[in-house]
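The values are calculated or read from the model by the stated rules, or taken from the named source; none is laboratory data. Values in this document were obtained by computation on a predicted structure and should not be read as measured data. A quick note on method: Cβ atoms are made from the backbone with ideal geometry, for glycine too, and the neighbour counts reach across all protein chains shown.
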Amino acid sequence: MSADEVRELADIAALERLAADLGEVLGAGDVVLLEGPIGVGKTRLVSAFVAALGSTDQVTSPTYTLMHVYETPRLPVLHLDAYRLSGVQEYLDLGAGDFAHDSITMVEWGDRVADAYPEHLGLVLEFGQSGDTSRRCTIRSRGRSWQRPGILNP
């Protein structure tokens, strides 16, 4: 089962509110796959999400390290980047799946490893039309686990 919702984000504050909304509903074992062009705000969204969970850690892009783990008062957040990976097998070889059941996993360039997660929440970020700071976010739920209350409510 799948469902899509589109949110218009007028500015970076709206992107951060979306991250806080996700912080209210995501839990252990949930996987969020982030898509969008360079500079659209994927890392910024993860940073706001980690902050919404109560961490003061500085979130940075895992493009070169491939994976960061952020401890929060609720549970760990795995932040991965699939941009430089050759495919799903190389992603699985990183071992992130070993920790995924006890954490929330957020993967930048997640479309490259979607086959590893038949049940996931996809966030497709695009630049908006109303200025430099506006964005459009298409939220795609894939699988039955996302049919719980609160996941797609604006």
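Going by what's in this entry, would Thr43 be described as under 20 Å from Thr138 (Cβ atoms), polar (S, T, N, Q) and out of contact with any Lys or Arg (no Cβ under 9 Å at 6 or more places or on another chain)? Criteria met by Thr43.
Scanning the range 75-92 for residues that are without any contact (Cβ under 8 Å) to a residue 24 or more places away in the chain and assigned to a loop (DSSP other than H, G, I, E, B), we see that the one that is surrounded by the most Cβ atoms within 10 Å (Cβ to Cβ) is Arg84.
Note on the range 124-143: among residues that are within 18 Å of the chain's Cα centre (by Cα) and not hydrophobic (A, V, I, L, M, F, W, C), the one that is modelled with the lowest pLDDT is Gly143.
Being under 14 Å from the mean Cα position of the chain (by Cα), at positive phi and loosely packed, with under 15 Cβ neighbours inside 10 Å holds for only one residue in Gly29, Gly95, and it is Gly29.
Out of the residues in the range 99-130 that are in a loop (DSSP other than H, G, I, E, B) and without any contact (Cβ under 8 Å) to a residue 40 or more places away in the chain, which is surrounded by the most Cβ atoms within 10 Å (Cβ to Cβ)?
It comes out as Pro118.
A search for C-beta distances below 7 Å between a residue of the range 20-40 that is farther than 13 Å from Arg74 by Cα and of a type in the set (S, T, N, Q) and any residue that is crowded, with 22+ Cβ neighbours inside 10 Å and modelled with pLDDT under 95, counting only pairs 6+ apart in sequence or on different chains, returns nothing.
Report yes if Tyr70 is among the aromatic types (Phe, Trp, Tyr), closer than 17 Å to Val32 by Cα and under 14 Å from the mean Cα position of the chain (by Cα), otherwise no. Spelling it out, Tyr70 is indeed among the aromatic types (Phe, Trp, Tyr), closer than 17 Å to Val32 by Cα and under 14 Å from the mean Cα position of the chain (by Cα). Which of the following residues is within 11 Å of the chain's Cα centre (by Cα), surrounded by 16 or more Cβ atoms within 10 Å (Cβ to Cβ) and either of a type in the set (A, V, I, L, M) or assigned to a loop (DSSP other than H, G, I, E, B) (or both): Val40, Val46? The match here is Val46. The lone criterion from (1) at pLDDT 95 or above; (2) of a type in the set (Val, Ile, Thr); (3) in a loop (DSSP other than H, G, I, E, B) left unmet by Thr63 is number (1).
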